[in-house]
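S.K.: One structure, pasted below without further comment.
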Amino acid sequence: MKRVLTTCPYCGVGCNLYLVVGDDGRLVGVEPSVGHPVSRGQLCIKGWNAFHFVNHPDRLTHPLIRRGGRLVPASWDEALALVAGRMREIQDKHGPDSVAVFSSAKTTNEENYLAMKLTRAVFKTNNVDHCARLCHASTVAGLAATFGSGAMTNSIACVEQADLFFVIGSNTTEQHPIIGARIIQVCQNGGKLMVADNRKIRLARLADLHLRHRNGTDVALLNAMMHVIISEGLTDEEFIASRTERYEDLERLVAHYPPARAARITGLTPEEIADAARLFASADHAMIIYAMGITQHTHGVDNVRSCANLAMLTGNIGRPGTGVNPLRGQNNVQGACDMGALPDVYSGYQRVTDDAARAKFQRAWGVRGLPRDVGITSTAAIDAAAAGDLKALYVIGENPTLSHPDIRHVRTALQNLEFLAVQDIFQTTTADLADVVLPACSFAEKDGTFTSTERRVQRVRRAVSPIGESRPDWHIICEIASRAGYSGMQYDSPDAVMEEIAALTPSYGGISYSRLDGPGLQWPCPAADHQGTPVLHVGKFARGQGVFRPADYRPPAELPDDDYPFVLTTGRNYFHFHTGTMTRRSRLLHREERFPYVEISPEDARSLGIRDQQWIHVGTRRGEVRVQARVTDTAMKGVLFMPFHYVEAAANLLTINALDPEAEIPEFKVCAARVRSTP
Ligand SMILES: Nc1nc2c(c(=O)[nH]1)N[C@H]1C(S)=C(S)[C@@H](COP(=O)(O)OP(=O)(O)OC[C@H]3O[C@@H](n4cnc5c(=O)[nH]c(N)nc54)[C@H](O)[C@@H]3O)O[C@H]1N2
Ligand SMILES: Nc1nc2c(c(=O)[nH]1)N[C@H]1C(S)=C(S)[C@@H](COP(=O)(O)OP(=O)(O)OC[C@H]3O[C@@H](n4cnc5c(=O)[nH]c(N)nc54)[C@H](O)[C@@H]3O)O[C@H]1N2
Ligand code: SF4
Ligand SMILES: [Mo]
């Protein structure tokens with residue numbers, strides 16, 4: 001037996017684990033890593049089962065090409081030539097911006113860097129994006145504007161230095177389990193916990209204060225909390241004076257949010273809001289922890305800014321045990337953003353609109369004419385495909401036919417393309433629509449790095465040989481570049497790609513594989529002798545002074561009415577991951593949660609005559625699905641919750657394609673729905 005140390009392929013916590021390989025070269029199990037600073041010998045159930053899907057018989061083992069309407073096996077040569085050829089042809093006919101690339105937060109930093117290099121240096125468009133658009137695009141925009149950096153400000157280790165947690169829109173024990181467990185430990189030893197989420201999630205059951213406000217009303221809640229903090233003189237005046245600007249803007253705006261007004265908007269009592277304000281302001285070390293409950297709204301950026309305002313107002317930033325902490329979701333979504341798989345920036349958030357940055361990348365890549373206009377986002381790309389403006393799409397490690405909002409619209413859009421290439425480890429519903437399917441290696445079959453939510457760059461190490469004819473994503477992307485006539489993407493190994501990344505990306509400047517044998521390095525790590533940065537904005541914000549950018553409350557795009565009386569909110573559960581391609585192929589995880597379901601409150605179930613586990617229909621203006629009712633006090637009256645893991649009852653048949661105007665993130669967390677109990 002051989003044990004290979006690597007990084008978990010599921011969530012952004014970034015636990016390390018050993019893949020255990022049997023004598024026959026197949027994966028047989030997982031062991032935790034005792035010495036790792038985050039996992040410390042623990043893993044959640046998904047980490048423990050991270051090997052099952054690798055050997056699953058459904059793995060894609062050879063390229064497929066559509067012939068006569070059917071996907072049939074083809075050689076790598078044919079498939080690669082077809083992708084490079086068709087992309088080129090379509091660009092010759094319709095211009096460079098007629099194509100787009102979706103990169104992948106499941107794949108490595110090196111692969112994301114190469115995907116963005118292919119898009120920009122070879123296809124000469126900035127149309128590259130990835131699932132951060134559906135996830136933390138609001139964070140990237142909101143925190144960059146207030147602090148100068150869109151990443152989690154503190155480290156996971158800071159949990160142990162905090163004396164109060166404000167968990168707002170994060171189901172931490174199920175979605176970032178190792179962080180959730182650590183919060184519980186601290187609270188058992190006297191730490192205080194405040195949860196703002198109308199679901200009675202596990203942390204809410206343990207909280208000192210649980211705010212069950214209406215979905216989509218966080219700006220009103222946060223503004224009213226700040227109103228109380230200011231009117232009761234609980235601000236950190238010294239911090240505001242020395243570290244921030246435009247405090248007057250905040251003061252002026254939150255003056256309009258007395259708790260009584262916010263109470264009407266949020267459904268809370270004025271006393272609950274005032275208690276929350278006082279509890280937060282009383283802590284020496286308060287950590288704000290948030291996730292999709294904050295970001296996935298048409299006012300997602302406003303939510304993020306409001307969290308940043310609250311931290312600055314009370315001086316809870318730039319010190320251990322404090323901070324504004326967006327928990328990043330996918331194993332490498334932080335890295336995919338860092339690598340510039342975004343339509344407006346190269347790696348390290350160097351702007352494509354900046355002449356000096358463009359000149360630097362042109363020199364390094366040996367190309368001319370890098371595009372200067374910002375590209376389109378992945379949500380805009382779907383709309384552009386539906387409108388006929390986007391003609392070709394190369395999707396690497398994403399499953400938009402289940403993960404984007406209003407998937408009937410997504411399917412129509414993808415079917416409207418002249419050419420679709422999909423690169424995955426399984427035949428997804430997106431791959432079903434493709435003209436070419438490219439089989440990729442999984443995390444267990446390749447080398448590289450992932451960057452976790454706390455900006456920790458860590459190694460991914462090959463434990464087993466590629467399944468079938470599958471190839472690592474980095475290799476496939478480089479082959480496409482070569483076949484499209486570009487000679488600047490020939491590398492022997494991911495190691496060499498990281499050298500190029502470090503040379504061009506200041507925050508990764510000191511990162512190299514030889515330094516990653518231990519527990520990894522937290523960026524910014526600008527030089528080979530730099531030890532990395534656990535806490536951002538110490539003494540000074542990345543942008544200099546922090547700016548208050550107050551926001552007014554705006555309601556969600558679609559609210560309940562007589563026809564659709566419920567709020568539907570969507571998200572996830574502990575056992576499954578996203579569109580289920582990996583976890584639903586893991587026997588043990590599948591056994592735990594087999595059926596699609598909707599959480600409904602006991603009051604609503606009673607008034608509709610619905611029993612627990614009864615199959616019911618949930619519908620919105622976009623569609624209807626059949627799911628099991630889960631009658632539970634986790635759900636608040638009037639609110640339904642549905643996970644989006646189930647292809648047979650896809651939550652995204654129901655969701656609305658309404659976007660935040662700045663971040664273009666969809667409003668996955670609120671739409672209007674109805675329930676039918678008849679078959
Ligand atoms: N097991 C598992 N773990 C995962 C994932 C997975 O699929 N499965 N996915 C990973 C990814 S990519 C991500 S982004 C994270 C997501 O992690 P989370 O954001 O924690 O997960 P969600 O279930 O999307 O939403 C969290 C909570 O937001 C609440 N919420 C909904 N609307 C509102 C609102 O308007 N205001 C507030 N304050 N709260 C609201 C919901 O009730 C829900 O409890 O998880 C990561 N970890
Ligand atoms: N209704 C609703 N919808 C949501 C959300 C929500 O809360 N509610 N959350 C949104 C969020 S936060 C996110 S992050 C998105 C996620 O959206 P997606 O990223 O589209 O969803 P995944 O299922 O994670 O897709 C990843 C794909 O990569 C494949 N894969 C895994 N490893 C590799 C690899 O090494 N190489 C390649 N090439 N492929 C690989 C997997 O098989 C899978 O098909 O979903 C969003 N959609
Ligand atoms: S907490 Fe996240 S990184 Fe850790 S084992 Fe679970 S899924 Fe993997
Ligand atoms: Mo995410």
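The values are calculated or read from the model by the stated rules, or taken from the named source; none is laboratory data. Computed from a predicted structure; not experimentally measured. Using ideal geometry, Cβ is built from the backbone for each residue, glycine included, and neighbour counts are taken over all protein chains shown.
S.K.: Listed residues Val345, Val333, Val367, Val324; which is of a type in the set (A, V, I, L, M) and under 30 Å from Glu232 (Cα atoms)? It would help to see each step written out before you state the result.
M.R.: Working: Val345 fails: under 30 Å from Glu232 (Cα atoms); Val333 fails: under 30 Å from Glu232 (Cα atoms); Val367 fails: under 30 Å from Glu232 (Cα atoms).
Among Val345, Val333, Val367, Val324, only Val324 is of a type in the set (A, V, I, L, M) and under 30 Å from Glu232 (Cα atoms).
S.K.: When the residues of segment 293-322 are filtered to those that are in a loop (DSSP other than H, G, I, E, B) and within 19 Å of the chain's Cα centre (by Cα), which remaining residue is surrounded by the most Cβ atoms within 10 Å (Cβ to Cβ)? Please lay out each step first, then the result.
M.R.: Going through segment 293-322, the residues in a loop (DSSP other than H, G, I, E, B) turn out to be 296-299, 314-322.
Among the residues that remain, those that are also within 19 Å of the chain's Cα centre (by Cα) are: 296-299.
Numbers: Gln296: 29, His297: 33, Thr298: 23, His299: 26.
That would be His297.
S.K.: Among the residues of segment 325-333, is any among the β-branched types (Val, Ile, Thr) and either without any contact (Cβ under 8 Å) to a residue 12 or more places away in the chain or away from ligand 3 (no atom under 16 Å from the Cβ) (or both)?
M.R.: no
S.K.: Test of understanding: among Pro534, Pro550, which residue is touching a residue at least 60 places away in the same chain (Cβ under 8 Å), touching a Leu at 6+ places or on another chain (Cβ under 6 Å) and within 23 Å of Ser149 (Cα to Cα)?
M.R.: Pro550
S.K.: Kindly indicate whether Arg591 is among the charged types (D, E, K, R) and at pLDDT below 95. Give the derivation first.
M.R.: Numbers: among the charged types (D, E, K, R): yes; at pLDDT below 95: yes.
So Arg591 fits the description; yes.
S.K.: Hey, another quick one. Can you give me the number of residues within segment 414-455 that are among the basic types (Lys, Arg) and either within 16 Å of ligand 3 (Cβ to nearest atom) or in the same structural domain as Thr579 (by TED's automatic domain parsing) (or both)?
M.R.: 1
S.K.: Here is a further query. Residues Thr428, Thr377, Thr401: which one is within 16 Å of ligand 1 (Cβ to nearest atom), buried (at least 18 other Cβ atoms within 10 Å of the Cβ) and touching a residue at least 12 places away in the same chain (Cβ under 8 Å)?
M.R.: Details: Thr377 fails: within 16 Å of ligand 1 (Cβ to nearest atom); Thr401 fails: within 16 Å of ligand 1 (Cβ to nearest atom).
Being within 16 Å of ligand 1 (Cβ to nearest atom), buried (at least 18 other Cβ atoms within 10 Å of the Cβ) and touching a residue at least 12 places away in the same chain (Cβ under 8 Å) holds for just one of Thr428, Thr377, Thr401, which is Thr428.
S.K.: Also: If you check Val140 against the conditions, is it touching a strand residue (DSSP E or B) at 6+ places or on another chain (Cβ under 8 Å) and at pLDDT below 95?
M.R.: Numbers: touching a strand residue (DSSP E or B) at 6+ places or on another chain (Cβ under 8 Å): yes; at pLDDT below 95: yes.
Spelling it out, Val140 is indeed touching a strand residue (DSSP E or B) at 6+ places or on another chain (Cβ under 8 Å) and at pLDDT below 95.
S.K.: Also, quick follow-up: Pick out the one residue from Arg182, Arg199, Arg214 that is within 21 Å of Val254 (Cβ to Cβ) and of a type in the set (Lys, Arg). Don't jump to the end; show me each part of the working.
M.R.: Numbers: Arg182 fails: within 21 Å of Val254 (Cβ to Cβ); Arg199 fails: within 21 Å of Val254 (Cβ to Cβ).
Going through Arg182, Arg199, Arg214 in turn, just one is within 21 Å of Val254 (Cβ to Cβ) and of a type in the set (Lys, Arg): Arg214.
S.K.: Can you tell me which residue within segment 274-292, out of those that are closer than 16 Å to Phe165 by Cα and assigned to a helix (DSSP H, G or I), is nearest to ligand 1 (Cβ to nearest atom)? Lay out the reasoning, then the answer.
M.R.: Narrowing segment 274-292 to residues closer than 16 Å to Phe165 by Cα: 275-291.
Now restrict to residues that are assigned to a helix (DSSP H, G or I): 275-282.
Details: Asp275: 17, Ala276: 12, Ala277: 16, Arg278: 19, Leu279: 16, Phe280: 14, Ala281: 19, Ser282: 21 Å.
So, considering only residues that are closer than 16 Å to Phe165 by Cα and assigned to a helix (DSSP H, G or I), the one nearest to ligand 1 (Cβ to nearest atom) is Ala276.
S.K.: Please work out which residue is nearest to Met582 (Cα to Cα), limiting yourself to segment 62-114 and to residues that are within 14 Å of ligand 2 (Cβ to nearest atom) and β-branched (Val, Ile, Thr).
M.R.: Among those that are within 14 Å of ligand 2 (Cβ to nearest atom) and β-branched (Val, Ile, Thr), it is Thr107.
S.K.: Would you confirm, using the coordinates I've provided, whether Val122 is of a type in the set (A, V, I, L, M), surrounded by 18 or more Cβ atoms within 10 Å (Cβ to Cβ) and either modelled with pLDDT under 95 or within 16 Å of ligand 1 (Cβ to nearest atom) (or both)? Let's see the steps before the verdict.
M.R.: Working: of a type in the set (A, V, I, L, M): yes; surrounded by 18 or more Cβ atoms within 10 Å (Cβ to Cβ): yes; either modelled with pLDDT under 95 or within 16 Å of ligand 1 (Cβ to nearest atom) (or both): no.
Considered against the rule, which asks whether it is of a type in the set (A, V, I, L, M), surrounded by 18 or more Cβ atoms within 10 Å (Cβ to Cβ) and either modelled with pLDDT under 95 or within 16 Å of ligand 1 (Cβ to nearest atom) (or both), Val122 comes out as no.
S.K.: Additional query: May I ask you to list the residues in segment 5-29 that are away from ligand 2 (no atom under 16 Å from the Cβ) and surrounded by fewer than 23 Cβ atoms within 10 Å (Cβ to Cβ)?
M.R.: Taking segment 5-29 and keeping what is away from ligand 2 (no atom under 16 Å from the Cβ), we get 5, 15-16, 18, 20-26, 28-29.
Scanning segment 5-29 gives Leu5, Tyr18, Val20, Val21, Gly22, Asp23, Asp24, Gly25, Arg26, Val28, Gly29.
S.K.: Does Ala224 satisfy being at pLDDT 95 or above, more than 16 Å from ligand 2 (Cβ to nearest atom) and either under 27 Å from Arg456 (Cα atoms) or not assigned by TED's automatic domain parsing to the domain that holds Tyr257 (or both)? Steps first, please.
M.R.: Working: at pLDDT 95 or above: yes; more than 16 Å from ligand 2 (Cβ to nearest atom): yes; either under 27 Å from Arg456 (Cα atoms) or not assigned by TED's automatic domain parsing to the domain that holds Tyr257 (or both): no.
Answer is no for this residue.
S.K.: Consider segment 202-230. How many of its residues are surrounded by 24 or more Cβ atoms within 10 Å (Cβ to Cβ) and within 16 Å of ligand 3 (Cβ to nearest atom)?
M.R.: 1
S.K.: Mind listing just one residue for me: the one in segment 1-53 that is more than 14 Å from ligand 3 (Cβ to nearest atom), touching a Gly at 6+ places or on another chain (Cβ under 8 Å) and not in a loop (DSSP other than H, G, I, E, B) and, of those, farthest from Leu521 (Cα to Cα)?
M.R.: Val28
S.K.: While we're here: Spot the failing condition for Thr428; the list is (1) under 28 Å from Thr61 (Cα atoms); (2) part of a helix (DSSP H, G or I), and only one is missed.
M.R.: (2)
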